[in-house]
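The values are calculated or read from the model by the stated rules, or taken from the named source; none is laboratory data. Computed from a predicted model, the values in this text were never measured in an experiment. For neighbour counting, all protein chains shown are included, and Cβ atoms are generated from backbone atoms with ideal geometry for every residue, glycine included. When the accessible area is computed, the model is the full protein with side chains, heavy atoms only, and any ligands, DNA or RNA have been set aside. Shrake-Rupley method; radii C 1.70, N 1.55, O 1.52, S 1.80 Å.
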Amino acid sequence: MLCIEKGEAQQASYGLPTPLKWGVEKLSFPIDFAPNIPFNGNEELRFAPGWNNSKSNEYWAYVFLWFIHGKPWLHEDTLNSYLTQYYNGLYLSNLKNKTNPPSNFTKTNVKAIHRLLNDAETYEGQITTLDFLTGKPITFNIRIHVRNYPQINRTAILFEVAPQDYHQPVWIMMNNIVTGFSVKDDKYY
């Protein structure tokens, strides 16, 4: 994928691994279902093969990347706010014939943890929201990796999300996707 910032001659390309049988989706900011998240760039997702099967140990397991322009000021409060907007919008945009949810149905609680390899910042926590596939409450574990690329004026925010505990096998696959993420700046190569 090639991202070009308007008015800049620099180009940045990145690679987000796609394991065998994992699904892929790409969106641009502003995201239709969360238009108030104030970024310019794109979102790219990787879905585990059992993502939409409630009987699978990969149910709702996925990784998503926000590859954005600049270096936004991120901390626990902003990430919690963005994730609340994101999951509220995700559910509402997929509402179809389900009942309208109560207000403030998404609760997020992410906290900074020790910085992991290649991260400028690392966060973990939980998100409790409504599962748009079933309309029922669901709680996700989440790990967030923030990586800055000042030479190309980009930030990568990688999210690993799953209702399964961190020690479950699907987290190994998601960690491999995050570990395999790479950025190449054409100006320097």
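Taking the conditions exactly as written (open to solvent by 30 Å² or more (accessible area, probe 1.4 Å), within 22 Å of Ile177 (Cα to Cα) and touching a Phe, Trp or Tyr at 6+ places or on another chain (Cβ under 8 Å)), does Asn141 satisfy them or not? For Asn141, the condition - open to solvent by 30 Å² or more (accessible area, probe 1.4 Å), within 22 Å of Ile177 (Cα to Cα) and touching a Phe, Trp or Tyr at 6+ places or on another chain (Cβ under 8 Å) - is not met.
Within the range 102-131, the set of residues being crowded, with 17+ Cβ neighbours inside 10 Å, over 18 Å from Trp171 (Cβ atoms) and either touching a residue at least 60 places away in the same chain (Cβ under 8 Å) or in contact with a Phe, Trp or Tyr (Cβ under 8 Å, 6 or more places away or on another chain) (or both) comprises Thr106, Thr108, Thr129, Leu130, Asp131.
Here Pro150 fulfils each of the conditions (1) open to solvent by 10 Å² or more (accessible area, probe 1.4 Å); (2) modelled with pLDDT of 95 or more apart from (2).
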